[in-house]
Amino acid sequence: MLIDILHLMGVIFCLLTAFLIRFRFNKNNSFSGHLLAAVLFLNALCNSFYLFIVYGLINHFPYLYKVPAPITYLIFPLAYLYVRAVLYGKSSFKKTDVLHLIPFLFFTVNYFPFYMMDMDEKSRMVYEVSQNFSKTFTGQDGHLPEWVNIFCRALISLIYLAFQWRMIHLFFTKNNTVVSKQYKLVKKWIYDFTTIQTIYSLALLVLYVSNALLFFGIIPNVGYIYLPLGFLVSSSFLLVSAYLLWNPKLLIGLPNLPLKPPGTDLLSLKTELESDFNVLDIFLREKEAFLNPELTVHELSKATQISPRRISQIISLSDYSNFNDYINQMRIKYAASEIQEGYLSQFSVDALSKTSGFNSKNAFYRAFKKIHGCTPKTYHSNLNSDSSG
């Protein structure tokens, strides 16, 4: 029961994080953001069917049984493409990426016999599965027996992870001279993300092997084997979503690492980016563009004629974590200046947050407290105390 609750929490958190990325935080419409949202959503979708089967909910929707089976073959390819997009700044699929669909299409065709089955027969089969979960891996619902699907799924996940680890190792070995806050943040996230994926895959693999050994009577049915494995499987995708929600900088400013163009030394690249940063900084301060609550990287790009990717590179090599951090620090500096001029003696904190370019008073409070270590009202009170003292 505890594992099932953990499993449900993982599904809910994955869905929540996926929707936050897709509809709220990915304002720059980044390709990597869409891929990450897809990975989390499909993870939640496929893992939710375990609960649907165990608790008999699938009996109300028998036609949905086996829908997630081929979809699981999309998760690891999408995760691999997400990491590639983050590391190498990819903004779209390559033509050859269509090859990643082969396992998905193969097993979609494999399950045609079930998809085309008469509804009464389908309902009977699904009911039997809901009464005996072992039939999900001992039966045959398509052209091939279920153990083939399970074996291929485990094998393909390990193959993708091997290529993903190789890509990560090669990238960070080649770019080991780059030093910035964003670089360190992204590097840690990519390593942690792939580590969690690896733990998830290995735990599933051991679980599959244990089920096979149990089925053939080689090992006894003991709970202590399944409890830690179930915990690792259920907690892994919960951990990914919790990690992202705990580190909102990864969500608000979906990361893009600055790449070193071939033949360009890092010092030269950094000098160019610093020059562009001055252009950005002067524009934002002189025009007070940061006071626009709807300001985005793309709008700033149009105004300054600096590409969105270039702006991301500029900020990543500065002392700021991401675009939002950069803009919010300007807004808080402006708000502090207004408080010093007596703004809060006449107007509310809510009015100050809007004047400073924030859409939300809560976001204003968080940003202000992060920089000054106190609320705007406390900051105002401290100023009055100092002046009266």
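Restricting PHE171, PHE151, PHE104 to residues that are closer than 16 Å to VAL67 by Cα, in a helix (DSSP H, G or I) and aromatic (Phe, Trp, Tyr) narrows the list to PHE104. As a summary of the residue check, LEU51 satisfies the conditions (1) surrounded by fewer than 22 Cβ atoms within 10 Å (Cβ to Cβ); (2) touching an Asp or Glu at 6+ places or on another chain (Cβ under 8 Å); (3) not in a helix (DSSP H, G or I) except for the one numbered (3).
Scanning segment 171-230 for residues that are aromatic (Phe, Trp, Tyr), modelled with pLDDT of 70 or more and either under 23 Å from CYS152 (Cα atoms) or surrounded by fewer than 16 Cβ atoms within 10 Å (Cβ to Cβ) (or both) yields TYR191, PHE193, TYR200, TYR208.
Give ALA351, ALA336 a once-over and let me know the one that is touching a residue at least 24 places away in the same chain (Cβ under 8 Å), over 29 Å from TYR183 (Cβ atoms) and either surrounded by 14 or more Cβ atoms within 10 Å (Cβ to Cβ) or out of contact with any Leu (no Cβ under 8 Å at 6 or more places or on another chain) (or both). Before you say what the answer is, go through the steps one by one.
Values: ALA351 fails: touching a residue at least 24 places away in the same chain (Cβ under 8 Å).
Among ALA351, ALA336, only ALA336 is touching a residue at least 24 places away in the same chain (Cβ under 8 Å), over 29 Å from TYR183 (Cβ atoms) and either surrounded by 14 or more Cβ atoms within 10 Å (Cβ to Cβ) or out of contact with any Leu (no Cβ under 8 Å at 6 or more places or on another chain) (or both).
Among the residues making up segment 361-384, those that are of a type in the set (Phe, Trp, Tyr) and without any contact (Cβ under 8 Å) to a residue 40 or more places away in the chain are PHE364, TYR365, PHE368. For GLU274, the requirement of being modelled with pLDDT of 85 or more, of a type outside the set (Lys, Arg) and either on the phi < 0 side of the Ramachandran plot or surrounded by 14 or more Cβ atoms within 10 Å (Cβ to Cβ) (or both) is not met. Considered as a group, the residues in segment 354-377 that are closer than 18 Å to GLU288 by Cα and over 26 Å from the mean Cα position of the chain (by Cα) include one that is surrounded by the most Cβ atoms within 10 Å (Cβ to Cβ), and that residue is SER356. Considering (1) touching a Leu at 6+ places or on another chain (Cβ under 9 Å); (2) assigned to a loop (DSSP other than H, G, I, E, B); (3) within 21 Å of HIS143 (Cβ to Cβ), the lone condition that PHE93 does not fulfil carries the number (3). Among the residues in segment 364-374, are any at pLDDT 90 or above and either part of a loop (DSSP other than H, G, I, E, B) or not assigned by TED's automatic domain parsing to the domain that holds MET330 (or both)? Checked against the condition, which is being at pLDDT 90 or above and either part of a loop (DSSP other than H, G, I, E, B) or not assigned by TED's automatic domain parsing to the domain that holds MET330 (or both), segment 364-374 yields at least one hit. For segment 332-364, filtering for residues that are within 12 Å of THR375 (Cβ to Cβ) and of a type in the set (Phe, Trp, Tyr) leaves 1. Scanning segment 303-347 for residues that are within 22 Å of ARG366 (Cβ to Cβ), charged (D, E, K, R) and at pLDDT 85 or above returns ASP325, ARG331, LYS333, GLU338. If you go through segment 32-45 and keep only what is crowded, with 19+ Cβ neighbours inside 10 Å and either of a type in the set (A, V, I, L, M, F, W, C) or over 15 Å from LEU78 (Cα atoms) (or both), you end up with LEU35, LEU36, ALA37, ALA38, VAL39, LEU40, PHE41, LEU42, ALA44.
The values are calculated or read from the model by the stated rules, or taken from the named source; none is laboratory data. Here the structure is a predicted model, which is why all the values come from computation and not from measurement. So basically every Cβ, Gly included, is an ideal-geometry build from the backbone, and we count neighbours across all protein chains shown.
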